[in-house]
Amino acid sequence: MYAPPGVKISKNFPIPDMQKAWVLGDPGQLIYKEKAIPVPGKAEVLVRIDAVAICATDLEVIYHGPPALIEGGLPFNKNWTPGHEYMGTVAALGPGVDEFAIGDRVTVEIHAGCGQCKRCREGMYTSCHNYGMNYGDVNKGHRANGFTTEGGFCEYAINNINTMVKVADDMSDEEATLVVTAGTAMYGLTELGGLLAGESVVVTGPGPIGLLGVGVAKALGANPVILTGTRDNRLEIGKKLGADHVINVRNEEAVAGVKRILGGKGADYVLECSAATNALNEAMLMVNRGGKICLAAFPHEKVPVDVANIVRNNIYVYGIRGEGKSATHRAQAFMEQKRFDAKLIHTHTFELKDLPEAIRYAKDRIDDAIKVVVKMPSAVAAKKMAAE
Ligand SMILES: [Zn+2]
Ligand SMILES: [Zn+2]
């Protein structure tokens, strides 16, 4: 059995020596195998993963590599496990950890940061200056699950205690995997200004971050919240999450639609989540003078931008990476208070062994998939036992 020296374990929570894990081979190739269970160090715990959601960034990593950075390079054929939007149960404590107890249900954010660079000291640990420097003789201790360190498409993973958020008892495993997505929207909106009560917000693109961005903006008091997109079924979910108006850009040009609703001057804030080529140029026409744009998505190609328009109108443009400044904790607080129903974006569930099929659903948006969640064998078995 698993009993590394210096690590606190519980006989009520037995841990095997080996786990099932998916590892990345060549681009697009995932291999299901046995892998050793890792050992938590100082300020770290071992989490038994109960559920993990698939994110568009996972697809980027699995098929192309970046932004994953393993041992200073591409993540392929390194016996490395991707996946980052997971939740689970604390299974073992590293030396000195008393912030969590074995058995605590937690969801995790991705970036631990190095904790010592300028940005980490400012709470901007998703922009850590020592990103990926966590190996060999350049070890700065930076961690980003499923990007620079081992991820969550497996049964057990190490997490720094700074990346863990306790989840409410009545929050399902599936919902808890969505906290980090809401946390990203929360980070973007709070970096834009934070006090959004009575401010108008346009969210462009009803993907997972955009849809939960609507929920978070509304919970922060924004009014009105406008959602733009091309798929009516997703715009309908946006309405349920709190959008006051939706614009299907197949029927009405997005900028004209925003100005129709807001009366010409435009919105105070735009949260861009569509990754469309012309999204920034459109966003600066949607926003009013002195307004703010947050880019939470980006197109793959380089795009020409109307810089003069930004300068003449004193428009602020922010790029955000991930979920800094403990935004995940604030998102969890909103979800615990049922300020919006994140479960509306969870569409499909698979078992760990069926990960490639789950990825196919997420990638090809089969059956209108939005968030696809993978459950672990242990969690599936526990549910079966409870039902019998
Ligand atoms: Zn993600
Ligand atoms: Zn750092």
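The values are calculated or read from the model by the stated rules, or taken from the named source; none is laboratory data. What you see is a predicted model; the values in this text were computed from it and never measured. Positions of Cβ are backbone-derived with ideal geometry, glycine not excepted, and every protein chain shown enters the neighbour counts.
Observations on the model:
- Scope region 122-145; condition over 12 Å from His111 (Cα atoms), charged (D, E, K, R) and either modelled with pLDDT of 90 or more or within 16 Å of ligand 1 (Cβ to nearest atom) (or both); matching residues: Glu122, Lys140
- Only strands (runs of 3 or more DSSP E) whose full extent lies in region 294-386 are considered here, and the ones with at least 2 residues that are under 23 Å from Glu155 (Cα atoms) and hydrophobic (A, V, I, L, M, F, W, C) are 371-375.
- Of Val311, Val303, all but one fail to be at negative phi, surrounded by fewer than 15 Cβ atoms within 10 Å (Cβ to Cβ), free of Cβ contacts under 8 Å to residues at least 12 places away in the same chain and not charged (D, E, K, R); the exception is Val311.
- Annotation: Leu178 fulfils all but one of (1) within 26 Å of Lys239 (Cβ to Cβ); (2) outside the structural domain of Ala283 (by TED's automatic domain parsing); (3) surrounded by fewer than 24 Cβ atoms within 10 Å (Cβ to Cβ); (4) not hydroxyl-bearing (Ser, Thr, Tyr); the unmet one is (3).
- Taking residues in region 114-133 that are at negative phi, and partners anywhere that are within 16 Å of ligand 1 (Cβ to nearest atom) and β-branched (Val, Ile, Thr), not one pair has Cβ atoms closer than 6 Å while being at least 6 places apart or on different chains.
- Any hit, region 155-165, residues being buried (at least 24 other Cβ atoms within 10 Å of the Cβ), in contact (Cβ under 8 Å) with a residue 12 or more places away in the chain, among the acidic types (Asp, Glu) and part of a loop (DSSP other than H, G, I, E, B): yes
- All of (1) surrounded by 15 or more Cβ atoms within 10 Å (Cβ to Cβ); (2) closer than 30 Å to Asp98 by Cα hold for Asn12 with one exception: (1).
- The set of residues from region 321-348 being among the aliphatic types (A, V, I, L, M) and surrounded by fewer than 17 Cβ atoms within 10 Å (Cβ to Cβ) comprises just one member, Ala333.
- Failed condition for Asn281, given (1) of a type outside the set (A, V, I, L, M); (2) more than 25 Å from Lys363 (Cβ to Cβ); (3) assigned to a loop (DSSP other than H, G, I, E, B): (3)
- Checked against the criterion of being in a helix (DSSP H, G or I) and out of contact with any helix residue (DSSP H, G or I) (no Cβ under 7 Å at 6 or more places or on another chain), the candidates Glu175, Glu252, Glu199, Glu191 yield just one match: Glu191.
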